[in-house]
Amino acid sequence: MERAFSGLKIALGLVCCLALFIVSIGTAGAWEPTKPVEFIIPAGTGGGADVMARFISPIIEKYKLSPKPFIVINKSGGAGAEGMLYVKGKNKDPHVIIITLDNLFTTPAATGVPFNWKDLTPISRLALDYFVLWVNAESPYKTAKEYLDAAKKEPGKFIMGGTGTAQEDQIITVMMEQAFGVKFSYVPFKGGGDVAVELVGKHINSSVNNPAEAVSHWKAGRLRPLAVIDHERINLPDWKGIPTMKEATGNDLSYLMLRGIFAAPGITKEQQDFYVNVMKKVTETPEWKKYISDMGLKAAFLSGPEYVKWLEDKEKMTKDLMTKGGLLKK
Amino acid sequence: MEDINNLIMGLGVALQSYNIMIAVIGLVLGIIVGVLPGLGGANGVAILIPVVVSMPATTGVILLSSIYWGALYGGSITSILFNIPGEPWSVATTFDGYPMAKSGRAGKALVLAFLSHGAGAVLGVIMLTFFAPLIAEFALKFGPAEIFAVMILTFSAFVGLGGKSPLKTVASIFFGFTLAAVGMDIVSGQLRMTFGSVDLMGGFSFIVAVIGLFGLGEIFLTVEEGLKVEGIKAKVGLKDMREGLKEILQNPKAVIMGALIGCWMGLKPGGATPASFMAYGFCKQSCKNKDEFGKGASPGIIAPEAAAHGAGTSATLPMITLGIPGSPTMAVIMGGLMIFGLQPGPMLFKEHADFVWGLIASCWVGNFIGLFIVMAFAPLFAAILKIRFAIFMPIIVYVCAIGAYAVNNRMIDVYYMIIFGILGYLFKKLDYPLAPMVLALVLGDMAEQAMRQALIMGQGNPLIFFRPPIALPIMIVALIIFFWPLISTVKQKLMTKNAV
Amino acid sequence: MRKADIFIALLLMSVGILVLVDSVRLGFKWGMSGPESGFFPFYLGSGLIICSLTVLFNVMRKYRKGGGEERLMPEGALKPILWVLIPATVMIAVTGLVGLHVAAALYLAFYMRAVGKIGWVTTILISLIVPISLYIAFDKLFLVPLPQGLWGAKLIPF
């Protein structure tokens, strides 16, 4: 035991030296991670955020953008609140980042969880995700106008499927209900992929799936896109033919979803810059560009004060929509 | 005929020596992650994605899917040896697998489990090869109402599985459902029974509960009988192999029932776990020697294992044909496909037929090689039980703690595990049955969600659960099985009356 | 046996009461489109309370009659159980300080030596090899970071 103990002491001494050494290197140049970075996903496996994080992490490895790997960890409890609160609690820890979607705004507003995006350090916006109004290809509705007119005649008869409750899909549903004076029965499902399959199986009448969630069913001729819920058409070869909401119905509706990165609160400027830089390089790789166009995303890299400004506007807009739709926590 | 040609072409690719080597590596890795509780195929696949990126697409997918097959085989090993299920769908295997191992027949139990896996795989792969598009169409017919009917069917299969005291059986079912309800209610978006605690927001993980209730609880029961210095006598030899093979052939009903239920249930995401429970329940109810179940009956191992692997195999079908992952592992594999620029979904068959057929062929190859690997190592696995208890017990506790932590990366889960361990011990002592409680915990969420989704669709009208063509027959069968004890007594009474 | 029976029944009952309270907050009626989110918990809670009350009643009646007091566990069984339970709990508590692997190494060594009476060489070898190989497997190969505790990062030099 005696011997083991002194061995431990030596080992400890060595470790301390090593630690000091690493710290001194670290301060000499720009900051770099000294241990694996936890890459938190506030959603379950298989969703859009999950797929994106699992796509980014090998890119970082392939292009050697970071000396330490990014380890993807799902913390999906409470519609993502678990993951957000986890990162919030990692004050000044530079080895934790989180990929976010709009539940950054909606989950705290809908559940009253003590969290706001200002609790985190914004890194960058990677992309924006479109929403498209889909119906089954065998349904008689060829345009958004036809579909909405039909829905207007029978309030509550038409079923709109979406991901989660009081999240973006339901916000958009409420937005459409108010703009066109219709009433849908909204049915929440676990993930966007499930919603698309329910629509193919004709269990629901329509969905507002993201392009990526429905694209393969569309190409297989099972779903029909009626309108893009944005001011402009999607500027990608396959998607150009889909009219905007305004072209299809005369009512200009728009909702885009954030795909962004945040880090733990209280980290230094150098640490923040490191991640901004990594993410910027990720978005410049050919793999990312292909991913964006395959997934029907809007390339929209943004960082620094512009990003913060955009977040503020987006939060305000989301809150407004939720208040109007009665989706806030009572 | 075209399918056969395609398959032969695919087999040509999968049987290249390089690809076979890759498959073996993947299988061994998969077995390792399957054995360790808390690690699943998803972890194994995730670490290899960076490696896979630099491979040709077909080879890469062979590697990823081999991990998946390996994890399916590995999941049952710990269920049988330590009463700790490595994966959720191996829970039903503990009911008979562990008692059999405890009585010294660990080798036989393992051989039975592996062979049943093989049988489930064969049926699954045949379906995958020849009926994929057809089955995908069938899977699409399952909406929330149909899912709910299936859940009821699963529960009804378990009616006969209660303990000595019906009252305590009901109490433990309620308790299981209650645990399942903690956390976010997805239909209303409200937090339930969290009382403002962040730790409760994530709910109770099924794996954590099972590790505690079954694994730790069993350790307490074992030490209670006096600290065993010697391990369980585990004779393993060719005799076990022979006997295992014989028993499989003697129980064709259990094999076929398990494999069919598995292949059918695997079509829907998360189907493997209910499939294994359902197969166990039905097999028990339809077998003559009901009383032997729970004490190490062979059909009690065969049916759930065949179902689990059948479901695991048919779960690849919705991914390839519809683009919905049937399990977290499948979700990660799907992410891998996208790196190759392959978009899973209905177009995959048309645009990348060579790739799809390579994948299907690798299912054949991977499952057969996997079966050989696990069979070859079965004696080695069984020999673990020979280790002295004082060495092996703390290691098990340690691995359990890792497993409980790794499920959600939360320390609180490790404490839950200890609490569940104590509860498991007390419940067992006081005749609260664990099996129905665990079933309620794993299916409670799914059942409630499906029911409420269906009710919104039916505008509050419960008749939606009886809509033809699929929900109605399932529901009727479920109700008949549920009330079978009652029906049969009534029938008997009528018979005696007539006789008089 | 009797005490344990009463204890579990009371435990289940208190869970039932908690659930009931929260389900009333959530709303437990059959709403416009099916049950509200407290609907099932309400009945689960009530069911738990009813079951545990009945169990309590049965237990009381049985033992009032003077039914022979069976023991929950055989004579002398509590000690070995506590010998498993307490070190395991301590290991988990210590994890917060030194990390899971170091805590487990200590736990393995303690249990094997103090309870199992296993030779020093075997004890030390196993309690080093097992945590190190699991550390390499989880933290290094599978990239599943396990808790390091406050000092864990400093205790493991690689």
### Query
Looking at chain A, do any whole DSSP H helices span at least 24 angstrom along their long axis by alpha carbon and average -0.5 or above on Kyte-Doolittle, and which?
A:2-28
## Note on the structure
With every protein chain in place, the accessible area of A:I242 for a 1.4 Å probe, in Å² rounded to the nearest 10, comes to 10 Å²
### Distant-in-sequence amide H partners of B:G203 (H built 1.01 Å from N, under 5 Å)
none
### Task
Can you bin the stretch B:166-298 into rounded, prolate or oblate? Criterion: square roots of the alpha carbon gyration tensor eigenvalues sorted a ≥ b ≥ c, rounded for a/c under 1.5, prolate for a/b above b/c, oblate for the rest.
oblate
### Query
If you count, for every residue in A:185-194, the Cβ atoms of partner chains within 10 Å of its Cβ, what is the mean?
6
### Principal axis dimensions, largest first and in whole angstrom, of the stretch C:2-64 by Cα
49, 15, 10
#### Entry: Sequence of B:F466, B:F82, B:F277, A:F301 from largest to smallest accessible area, 1.4 Å probe
B:F466, A:F301, B:F82, B:F277
#### Entry: Approximate spin-label separation C:N58-B:M495, in nm, with each point projected 7 Å along Cα-to-Cβ
3.0 nm
### Query
Tell me, what ³J(HN,Hα) does each residue in the stretch B:443-449 have, in order and in whole Hz, if you take phi through Karplus 6.51 cos²θ - 1.76 cosθ + 1.60 with θ = phi - 60° and put x for Gly and Pro?
9, x, 4, 4, 5, 5, 4
### Task
Let me know the mean shielding of B:412-421 by other chains, meaning the per-residue number of their Cβ atoms within 10 Å of its Cβ.
2
### Message
Before we go on, tell me the buried accessible area for the C/B pair, both chains summed, 1.4 Å probe, in Å² to the nearest 100.
### Response
5600 Å²
### Query
If you project the alpha carbons of the stretch A:132-249 onto their three principal axes, what span does each projection cover, largest first, in Å?
35, 29, 27
### Message
Could you check the spin-label model distance between C:K117 and B:K253? Points 7 Å from the Cα along Cα→Cβ, value in nm.
### Response
5.1 nm
### Accessible surface ranking that places the most exposed of B:D291, A:D102 first, with a 1.4 angstrom probe
B:D291, A:D102
### Summary
Given a Förster distance of 22 Å, the FRET efficiency implied by the Cβ-Cβ spacing of A:H231 and A:L328, rounded to the nearest 0.05, works out to 0.25
### Message
When a/c reaches 1.5 or more, the comparison of a/b and b/c decides; with that in mind, is the stretch B:64-186 rounded, prolate or oblate per its Cα gyration tensor?
### Response
oblate
#### Entry: Label-point gap, in nm, between A:N277 and B:L245 - each point 7 angstrom along Cα→Cβ
6.4 nm
#### Entry: Residue-level accessible surface for A:K35, protein heavy atoms, 1.4 Å, Å²
80 Å²
### Alpha-carbon centroids, the stretch B:401-446 and the stretch B:31-62: separation in whole Å
28 Å
### Rounded percent of accessible protein surface that carbon and sulfur make up, the stretch A:28-91, 1.4 Å probe
51 percent
### Task
First measure r as the distance between the Cβ atoms of B:N461 and C:A4, then evaluate 1/(1 + (r/R0)^6) with R0 = 51 Å and state the FRET efficiency to the nearest 0.05.
0.65
### Longest to shortest principal axis, alpha-carbon extents of the protein assembly as shown, angstrom
92, 82, 63
### Message
Rounded, prolate or oblate for the stretch A:154-218? Axes are the square roots of the Cα gyration tensor eigenvalues, ordered a ≥ b ≥ c, and the cut-off for rounded is a/c under 1.5.
### Response
prolate
### Summary
Of all GluC sites (Glu not before Pro) in the stretch A:210-255, the ones in DSSP coil with at most 12 other Cβ atoms within 10 Å are A:E232
### Message
Per residue, how big is the convex hull of the stretch B:114-186 when only Cα atoms are used? Give it in Å³.
### Response
167 Å³
### Message
Give me, ordered by chain and number, the residues 5 or more places off A:I73 or on other chains with an amide H under 5 Å from its own placed amide H.
### Response
A:F39, A:I40, A:I41
### Task
Using packing as a proxy for protection, rank B:436-443, A:131-138 so that the peptide with the highest average count of other Cβ atoms within 10 Å comes first.
B:436-443, A:131-138
### Query
Roughly speaking, what % of Cα-Cα pairs in the stretch B:416-478 are separated by over 18 Å, rounded to a whole number?
57 percent
### A:M160, C:M60, reordered so the largest accessible area comes first (probe 1.4 Å)
C:M60, A:M160
## Note on the structure
Computed from every Cα-Cα pair in chain A, P(r) in 10 Å bins starting at 0 and rounded to whole percents is 5, 24, 31, 21, 10, 5, 3, 1, 0
### Query
Taking every residue in B:272-280, how many Cβ atoms of other protein chains lie within 10 Å of its Cβ, on average?
0
### Task
Multiply the residue separation of A:D320 and A:E138 by 0.36 nm, subtract the distance between their alpha-carbon atoms, and state the gained length in nm to one decimal.
61.9 nm
## Note on the structure
Set A:K35/A:K280; A:K75/A:K190; A:K219/A:K298; A:K240/B:K141, cut-off 24 Å on Cα-Cα distance; pairs above it are A:K240/B:K141
### Query
Helices from chain C with mean Kyte-Doolittle at least -1.0 and a Cα length along the axis of 18 Å or more, per DSSP H: which?
C:2-26, C:39-64, C:78-98, C:120-135
### Task
Enumerate the whole-percent occupancy of each 10 Å bin, from 0 to the last occupied one, for all C-alpha pair distances of chain C.
10, 21, 17, 19, 23, 9, 1
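The values are calculated or read from the model by the stated rules, or taken from the named source; none is laboratory data. All of these numbers come straight from a predicted model, not from anything done at the bench. All Cβ positions, glycine included, derive from the backbone under ideal geometry; neighbour counts span all protein chains shown. Note: areas computed on protein heavy atoms with side chains; ligands, DNA, RNA excluded. Shrake-Rupley method; radii C 1.70, N 1.55, O 1.52, S 1.80 Å.
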